[in-house]
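A.B. asks: Quick one: the structure is below, questions incoming.
Every read-out reported here was derived from the displayed coordinates using simple, explicitly stated rules and does not represent laboratory data. From a predicted model like this one, the values you see are computed outputs, not experimental measurements. We place every Cβ from the backbone using ideal geometry, glycine too, and count neighbours over all the protein chains shown.
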Amino acid sequence: MHNIQSGAITTGTWHFLAIRLRVWRQGLVGFLRDLWHHPLPLIAGLVIVIYILAAIFAPQITVQDPGRGNLRARFTPPAWVAGGTMDFPLGADEQGRDLLTRIIYGARISLAVGLLTVGISVLLGTTLGAIAGYFGGRVDHLLSRFADLLLAFPFLIFAIGVMAFLGPGFTNLILALTFKGWVEFFRLVRGAMLAEKNKEYVEAARVCGRRDPAIIVAEILPNVIQPVFVLGTLRMGFFIVTEASLSFLGLGVQPPTPAWGSMVAAGRDYLLTAWWVSTFPGLAILFLVLAINIFGEGLRDILDPRMKIE
Amino acid sequence: MSELLLQLRELKTTFPTRRGLVTAVNGVNLTVRRGEIVGVVGESGCGKSVTMMSILRLVVRPGRIAGGDIIFGGRSLLGLSPSALRTVRGREIAMIFQDPQSTLNPAFRVGEQIRESLRLHGLVKGSRLPFGSNRAAAEKQRVLRVMEEVGIPSPVDRYAAYPHQFSGGMQQRALIAIALACEPKLLLADEPTTALDVTIQAQILDLMRRINRDHGTAVIMVTHDLGVAAEFCNTIAVMYAGQIVERGTTDQVIGAPRHPYTQGLLACRPGISERKAIVPIQGEVPDLVNLPQGCAFEPRCEFARPACLGEPIRMTTIGDGHYVRCIRTSGYERRPTDIARLGLNA
């Protein structure tokens, strides 16, 4: 094996992407066909799609302003409870803002945090894991010990610490979550890399005169990437819950931006008199994370060839 | 005599281990001429495969080539830069492996994998952009031709198949197609038929012989099967504990073996036509960390005598390109029992 050689992005990479795109298109069709035979993940997937659509089209599907309150409408109960009106289908909060509107807008924060955190973690973890696993040696040693160090902290406490240090805000929230979030992907990819790099097809690629970066990207990664997708989906639910926890503690996205965690926190004081203020944002978290987890499990079953029933 | 293609001169490859330095290849001299088929025969762990990987300068770290030289096409491979080496690998020297199943990348279509080596070495001219060039189509045509040549039926359909959809024999054919796509001058075949059953084995050997004849590709055939070597090779080198112990034409080595190890290898082959007894070679392969001074085969050799130890044994010729690393060939006094056993005329 040689040192890392320059020129990782060469025609090899382009060629690889061209092939991959074709494979992905074929794979997507096959995947959707498989999904059709797994009703539970299918439903979960639809729920996720609904959440995503709601987040994207929030201004179009809501009539009220999520930020402006109406103190006369304070604690209006949900529409089906005595005293409720259809103006506030899920009731109003302590400032008289429509809960449904705020929940729909809140989906933007949760999904953005989930997608961004998972995206950055996957990218970072996969890159570092591939390098560490393939080249080994001192780089691997350093990265692995650093990963071990991060794993020694409980996630939430670590995130609270980082947020306290950085201060609240959306960007800092993403930073705090990814700072530890990449480790899982790093370990997954590094382990898979260790197993794959000694296989003969890698040696054959070397015999053919391929460079190390091309071997990693174009030969090995396609063989180890599927579990990363599954783990990514499952971790997304976890990140969303963690974001909600931080927002609940006041360390996440700051008011008046609606985030489910801070909405639950806001309603906490009125739980006995106005239960809906906390309950509905809580249910929004519950259903989204449940759907994501079911979808992730389903993804694992579908992608695992051993689980395939022909 | 045809032109020299590859020359290994006193090649030495070592691996540092916790127990000490393992000399996996210990002063190997080997010559391959253009269009020649050379067999390298020996037990597992005798350094055959390491020799092959040394030729490509792909010895796995921490192993390294510790001495000697590799001359290929008139220049030393040891002096080449990494990028120059990559153009030799695959383009001029190709290799096929023992286990085709694990040598093909499971994530890609077979045809694309064959095309990959063409693309990698830029053999088909044209735009390097992935889209909007007819280069890919030209490469595909060439791949289909190669697939046809190595005997993959209906190559157009098989182009898009994944490796797991191929049988072992087909996988090996695909590997040979990858190796041949660039028309290399030298093919290193590391036990290419070991994982295949005998009928497929015969087909693959036949295919390789045809390629050797039609393209003039020289082949180094690594095998532990003397039968394969005898049938397939022009010359044979027998390796033991990192050294070549006997070298000569196939007729010389198989027909009149002179090193006790070669004789032992021949004696422990099961016969089919005659029901002869299999005579195993006693003892074990020596510990490569603590090689005995002198002959490495001495502990297992039935002709061993005190003179075998002490000095390293040199290769000596016994005429017409037949070399043997044994003191009995360099004029020590033979005992009558030896003469009787070997059927030699003293």
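A.B. asks: Local charge sum around residue B:32 (other residues, Cβ-Cβ under 14 Å, Lys/Arg +1, Asp/Glu -1)?
C.D. replies: Around residue B:32, the surrounding residues sum to +2.
A.B. asks: Based on DSSP, what percent of beta bridges with both residues in the stretch B:157-294 are antiparallel, to the nearest 5? List each step's numbers first, then the result.
C.D. replies: Working: 6 of 11 bridges.
Beta bridges within the stretch B:157-294, antiparallel portion: roughly 55 percent.
A.B. asks: Given H placed 1.01 Å from N in the peptide plane, which residues other than close sequence neighbours of residue B:67 have an amide H under 5 Å from its amide H?
C.D. replies: Correct list: B:12.
A.B. asks: Taking the DSSP beta bridges in the protein assembly as shown as the whole, what percent of them are antiparallel, to the nearest 5? If you can, show how the numbers build up before the last one.
C.D. replies: Working: 32 of 51 bridges.
Once the DSSP bridges in the protein assembly as shown are tallied, antiparallel ones form about 65 percent.
A.B. asks: What's the magnitude of the charge dipole for chain B around its Cα centre, counting Lys and Arg as +1 and Asp and Glu as -1 at the beta-carbon? Answer in Debye, nearest 20. Walk me through the intermediate numbers first.
C.D. replies: Working: 42 positive and 32 negative charges, 190 e Å.
Computed charge dipole of chain B: roughly 920 debye.
A.B. asks: With contacts defined as alpha carbon pairs under 8 Å and 6 or more residues apart, what's the relative contact order of the stretch A:257-306 in percent? Before the final figure, lay out each step's value.
C.D. replies: Values: 27 pairs, mean separation 14.0, N = 50.
Worked out over the stretch A:257-306, it gives 28 percent.
A.B. asks: Would you kindly derive the ³J(HN,Hα) couplings of the stretch B:60-70 from the backbone phi angles with the Karplus curve 6.51 cos²θ - 1.76 cosθ + 1.60 (θ = phi - 60°), listing them in order in whole Hz, with x for Gly and Pro?
C.D. replies: Taking θ as phi minus 60°, the curve returns 5, 4, x, x, 8, 7, 9, x, x, 8, 10 Hz for the stretch B:60-70.
A.B. asks: What's the longest piece of chain B with no exposed chymotrypsin sites (Phe, Trp or Tyr not before Pro), counting a site as exposed if DSSP puts it in a loop and it has at most 16 other beta carbons within 10 Å? Don't skip to the answer; put the middle values down first.
C.D. replies: On the way: sites that count: B:131, B:332.
Of all site-free stretches, the longest is B:132-331.
A.B. asks: At 27 angstrom or more along the helix axis (alpha-carbon based) and mean Kyte-Doolittle of -0.5 or higher, what helices does chain A contain? Whole DSSP H runs only.
C.D. replies: Values: long enough: A:11-36 (37 Å, 0.22); A:99-135 (53 Å, 1.54); A:170-197 (38 Å, 0.71); A:221-248 (40 Å, 1.21); A:276-303 (40 Å, 1.46).
Membrane-span-like by this rule: A:11-36, A:99-135, A:170-197, A:221-248, A:276-303.
A.B. asks: How many angstrom lie between the Cα centre of the stretch B:160-210 and the Cα centre of the stretch A:88-158?
C.D. replies: So the two Cα centres are separated by 48 Å.
A.B. asks: Hey, another quick one. Largest first, please: the extent of the C-alpha atoms of the protein assembly as shown along each principal axis, to the nearest Å.
C.D. replies: Extents along the principal axes: 121, 52, 49 Å.
A.B. asks: What is the Cα centroid distance between the stretch B:9-79 and the stretch A:184-201, reported in whole angstrom?
C.D. replies: So the separation of the two Cα centres works out to 29 Å.
A.B. asks: Decide, for the stretch B:200-313, between rounded, prolate and oblate: order the square roots of the alpha carbon gyration tensor eigenvalues as a ≥ b ≥ c, take rounded if a/c falls under 1.5, and otherwise choose prolate if a/b is larger than b/c, else oblate. Mind showing how you got there, number by number?
C.D. replies: Numbers: a/c = 2.47, a/b = 1.66, b/c = 1.49.
Judged from the Cα gyration tensor, the stretch B:200-313 comes out prolate (a/c at least 1.5, a/b above b/c).
A.B. asks: Okay, next question. Roughly how big is chain A's charge dipole about its Cα centre, with Cβ charges of +1 (Lys, Arg) and -1 (Asp, Glu), in debye to the nearest 20? Walk me through the numbers before you get to the answer.
C.D. replies: Working: 25 positive and 20 negative charges, 102 e Å.
Rounded to the nearest 20 debye, it is 500 debye.
A.B. asks: Got a sec to turn the phi values of the stretch A:90-96 into Karplus ³J(HN,Hα) couplings, 6.51 cos²θ - 1.76 cosθ + 1.60 with θ = phi - 60°, whole Hz, x for Gly and Pro?
C.D. replies: 9, x, 10, 8, 5, 9, x
A.B. asks: Quick check on chain A: take the gyration tensor over C-alpha atoms, sort the square-rooted eigenvalues as a ≥ b ≥ c, and tell me if it's rounded (a/c under 1.5), prolate or oblate. Don't skip to the answer; put the middle values down first.
C.D. replies: Values: a/c = 2.86, a/b = 1.90, b/c = 1.50.
Verdict is prolate for chain A.
A.B. asks: Taking loop as defined by DSSP and a crowding limit of 13 other beta carbons within 10 Å, which trypsin sites (Lys or Arg not before Pro) in the stretch A:189-290 fit? Can you show the working numbers first?
C.D. replies: On the way: sites: A:190, A:197, A:199, A:206, A:210, A:211, A:235, A:268; in loops: A:199, A:210, A:211.
Passing both the DSSP loop test and the Cβ count: no residue.
A.B. asks: So who's got an amide H within less than 5 Å of the one on residue B:5, skipping anything under 5 residues away but keeping other chains? H placed 1.01 Å off N, in plane.
C.D. replies: Correct list: B:32, B:33, B:34.
A.B. asks: So how far, in whole Å, is the C-alpha centre of the stretch A:42-71 from the one of the stretch B:80-113?
C.D. replies: 52 Å
A.B. asks: If amide H atoms are built 1.01 Å from N in the plane of the peptide, which residues on other chains or at least 5 residues away come under 5 Å of the amide H of residue B:303?
C.D. replies: Result for residue B:303 returns nothing.
A.B. asks: What percent do you get for the relative contact order of chain B when only Cα pairs under 8 Å and 6+ apart count?
C.D. replies: Working: 604 pairs, mean separation 67.4, N = 346.
Rounded, it is 19 percent for chain B.
A.B. asks: Considering only DSSP beta bridges whose two residues both sit in the stretch B:4-238, what percent are antiparallel, to the nearest 5?
C.D. replies: Numbers: 20 of 39 bridges.
Given both bridge residues lie in the stretch B:4-238, the antiparallel proportion sits at roughly 50 percent.
A.B. asks: Can you give the average number of partner chain beta-carbon atoms within 10 Å of each beta-carbon in peptide B:89-97, as a whole number?
C.D. replies: Numbers: counts 6, 7, 2, 1, 2, 4, 5, 2, 5.
That works out to 4 on average.
A.B. asks: Give the Cα extents of the stretch B:4-238 along the principal axes, in whole Å, largest first.
C.D. replies: 54, 41, 37
A.B. asks: Just to be sure I follow the definition: excluding the sites themselves, where is the longest run in chain A that has none of the chymotrypsin sites (Phe, Trp or Tyr not before Pro) in a DSSP loop with at most 13 other Cβ atoms within 10 Å? Mind dumping the intermediate values first?
C.D. replies: Working: sites that count: A:57, A:80.
After excluding every exposed loop site, the longest remaining stretch is A:81-310.
A.B. asks: Let me ask you something else. In a GNM of chain A with a 10 Å cut-off on Cα contacts, which of A:103, A:174, A:56 has the highest mean-square fluctuation?
C.D. replies: A:56
A.B. asks: Need one value for B:103-111: mean number of C-beta atoms belonging to other chains within 10 Å of its residues' C-beta atoms.
C.D. replies: Numbers: counts 8, 3, 12, 4, 13, 9, 3, 0, 0.
For this peptide, the per-residue mean of nearby foreign Cβ atoms is 6.
A.B. asks: Suppose a student asked you for the relative contact order of chain A, using Cα pairs under 8 Å spaced at least 6 residues apart; what percent would you report?
C.D. replies: Details: 421 pairs, mean separation 74.1, N = 310.
24 percent.
A.B. asks: Say the dipole of chain B comes from +1 at the beta carbon of Lys and Arg and -1 at that of Asp and Glu; which of B:309, B:50, B:153 then lies farthest toward its positive end?
C.D. replies: Result: B:50.
A.B. asks: I'd like the Karplus ³J(HN,Hα) series for the stretch B:92-106: coefficients 6.51, -1.76, 1.60, θ = phi - 60°, whole numbers in Hz, and an x wherever there's a Gly or Pro.
C.D. replies: Result, rounded to whole Hz: 10, 10, 10, 9, 10, 10, 5, 10, x, 4, 8, 8, 7, 6, x.
A.B. asks: Within the protein assembly as shown, how many lysine pairs that are 8 or more places apart, or on different chains, have C-alpha atoms less than 21 Å apart?
C.D. replies: Values: A:199/B:48; B:12/B:48; B:48/B:185; B:125/B:140; B:125/B:185.
So the count works out to 5.
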